[in-house]
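Just so it is clear, none of the values below were taken in a lab; they were calculated from the coordinates. Given the structure is predicted, the values throughout are model-derived calculations rather than measurements. As a convention, Cβ positions derive from the backbone with ideal geometry for all residues, glycine included, and neighbour counts pool all protein chains shown.
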Amino acid sequence: MADDILIIKLGALGDLFQSEGALRDIRLHHPDARITLLTGPAYRVLMERCPWVDRVELDPRAPRWRLDRMLDLRRRLGAVPYAMVYDLQNVSRTAFYRRWFLPRTPWSGTASGCSHPHRADDPKLIPSLQRLAGQLADAGVPVRHALAPDLGWVADDVSGILADAGVGKPYVVLLPGSSARLPHKRWPGYAALAERLIADGKSVVTVPGPDELDLCRSIPGVTLTGGKWLNYFQLAGVLAGARLVIGNDSGPTHLAAHLGRPTVALFGSHMAARLTGIDRPWVTCVEVPDLAALPVGQVEDVVNGRLEQR
C-alpha cells in the first residue's frame with residue numbers, strides 16, 4: 001500500500017506560493033505516496049490544481065476553545081494513517097496539532113518533541129526559501145526545487161480577457177492592494193505613478209481582488225475584472241504576460257516573482273525583503289522605513305530603469 005503523507009501549509013497566499021518548490025521536493029521524495037495538503041478554505045481551489053498534491057484537507061483555523069471544531073479536525077486527520085507530516089507552517093497552532101492530534105506520527109518541523117526537527121538555531125531569522133530548504137534537508141529530503149518555486153501551472157490563458165478590455169502588449173501591471181488587516185503595507189502612490197506611466201505612453205493595468213475594486217478603479221488605466229474579479233488562475237495569466245509588475249508585499253506580487261516576471265516590490269519596515277522569499281534575480285525590492293513617505297519619483301525612476309532593460 002502507498003504511504004499517506006500530510007503537508008501543513010495554512011497560508012497566507014504569498015507563503016503558499018513560496019512553498020511550491022518545497023511541495024515539489026516532497027513529491028519527488030515520496031513519488032508513490034498519497035499526499036494531502038492541510039490548508040485554509042480560501043486556498044482550496046488554488047491548491048487542488050497543484051500537481052504535487054493528491055488531496056486538499058481544510059483547516060478553518062477555528063479558535064481552540066471551539067472544541068466541536070477541534071474535535072472535527074482531529075477526527076479528520078486521525079482517520080488517515082499518515083506515515084509522515086511535513087509542517088511547513090511551524091506555528092504554535094500546528095505544534096498543538098502534533099501534540100494532541102497526531103502525537104505518534106513522524107513529524108518534520110519546529111514543534112517540540114518532533115521526530116525530524118529543523119535544527120536551525122532561530123528559523124525565523126532565515127529567509128523563507130532557505131528556511132524551507134533547511135527543514136527538508138534536516139528531514140532527509142533532497143532539495144532540488146525549494147529554493148526556486150515555479151508557478152507556471154497556476155496561469156490560465158487570458159488572451160480573451162485582455163482583448164475584451166482592449167489591452168495589448170506590452171503592458172505594466174500595478175498591484176496596489178495587500179491584506180486589509182495590514183494597511184501599512186500599502187503604498188499610496190499608485191494613482192500618481194499610473195498617471196506618469198500613461199503620459200509616457202505605457203499601458204497600465206490593475207487587477208483587483210474582492211476587497212480592492214474601489215482602490216483599483218481610483219487608479220488610471222484599465223481595471224481587469226472579468227465582469228466581477230479575476231480568480232487566481234486568471235490573475236496569474238495576466239501577470240505571466242506583463243512586461244513589468246509593480247506591487248506591495250502581497251500574495252499577487254509574490255506570484256509574479258515566482259512566475260519569473262520582472263517585478264518591482266515595495267517594502268516598508270514591516271519586513272525585510274530578503275526574509276520573504278521574493279528576492280529573486282529578476283525582482284527589484286525598494287525598501288524604505290515608511291511606505292507612506294516613499295516619493296512617486298523614486299519609484300518611477302526604478303520602474304523606468306527596469307523597463308529599459310531587456
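Computed over the alpha-carbon atoms, the range 259-310 gives an Rg to Rh ratio of 0.97, Rh here being the Kirkwood radius from the mean inverse distance. Given their separation in residues at 0.36 nm each and the Cα-Cα distance between them, residue 304 and residue 65 gain 80.8 nm when the chain is fully extended.
Of the trypsin sites (Lys or Arg not before Pro) found in the range 192-282, the ones in coil according to DSSP and having at most 11 other Cβ atoms within 10 Å of their Cβ are 228.
Charge dipole of the range 121-258 (Cα centre as origin; +1 on each Lys and Arg Cβ, -1 on each Asp and Glu Cβ, all else neutral): 200 debye, rounded to the nearest 20.
Expressed as a fraction of 2.2 N^0.38 Å, the C-alpha radius of gyration for the range 4-138 is 0.98.
Taking 25 °C and 0.890 mPa s as conditions, the range 160-269 diffuses translationally at an estimated 178 µm²/s according to Stokes-Einstein applied to its Kirkwood radius (Cα pairs). Amide hydrogen proximity for residue 57: with H placed 1.01 Å from N in the peptide plane, the residues at 5 or more positions away or on another chain lying under 5 Å are 37, 38, 39. The residue list 37, 251, 111 was ranked by how far each Cα lies along the charge dipole of the chain toward its positive end, using unit charges on Cβ atoms, and 111 comes out on top.
Cross-link partners for residue 202 among the lysines, with Cα-Cα distance under 23 Å and sequence neighbours closer than 8 places in the same chain left out: 169.
Ranked by the mean number of other Cβ atoms within 10 Å of their residues, highest first, the peptides 73-80, 262-269, 249-256 fall in the order 249-256, 262-269, 73-80. Residue-wise HN-Hα couplings along the range 91-100, as the Karplus relation 6.51 cos²θ - 1.76 cosθ + 1.60 with θ = phi - 60° gives them from phi, are 10, 4, 4, 6, 5, 4, 4, 4, 6, 9 Hz; Gly and Pro carry x. Largest mean-square fluctuation among 139, 192, 148, in a Gaussian network model of the chain whose springs join Cα atoms under 10 Å apart, belongs to 192. Angle of helix 296-308 to the longest C-alpha principal axis of the chain, folded into 0 to 90 degrees and rounded to 10: 80°.
The residue among 199, 125, 88 whose Cα reaches farthest toward the positive pole of the charge dipole of the chain, with charges on the beta-carbon of Lys, Arg, Asp and Glu, is 88. Of the residues 51, 273, 189, the one whose Cα sits farthest toward the positive end of the charge dipole of the chain, with +1 on the Cβ of Lys and Arg and -1 on the Cβ of Asp and Glu, is 51. For residue 284, the residues 5 or more places off, or on other chains, whose built amide H falls under 5 Å of its own are 263, 264, 265. Which of 37, 215, 67 ends up with the largest GNM mean-square fluctuation for the chain, with Cα atoms connected below 10 Å? Of the options given, 67 has the highest mean-square fluctuation. Net charge dipole, the chain: roughly 740 debye, given to the nearest 20, about the Cα centre with Cβ charges of +1 for Lys and Arg and -1 for Asp and Glu.
Grab the other residues whose beta carbon is less than 11 angstrom from that of residue 8, score K and R as +1, D and E as -1, and report the net. Value of the local net charge: 0. Summarising the amide proton neighbourhood of residue 279: residues at separation of 5 or more, or on other chains, whose placed amide H is nearer than 5 Å comprise an empty set.
Compute the long axis of helix 128-138 from its Cα atoms, compare it with the longest principal axis of the Cα atoms of the chain, and write down the angle in degrees, 0 to 90, nearest 10. Compared with the principal axis, the helix lies near 20 degrees. In degrees from 0 to 90, rounded to the nearest 10, what is the angle of the helix 190-199 Cα long axis to the longest principal axis of the chain? With both axes taken from Cα atoms, the answer is about 50 degrees.
Here, the chain yields an orientationally averaged convex hull projection of 16.7 nm² when only Cα atoms define the hull.
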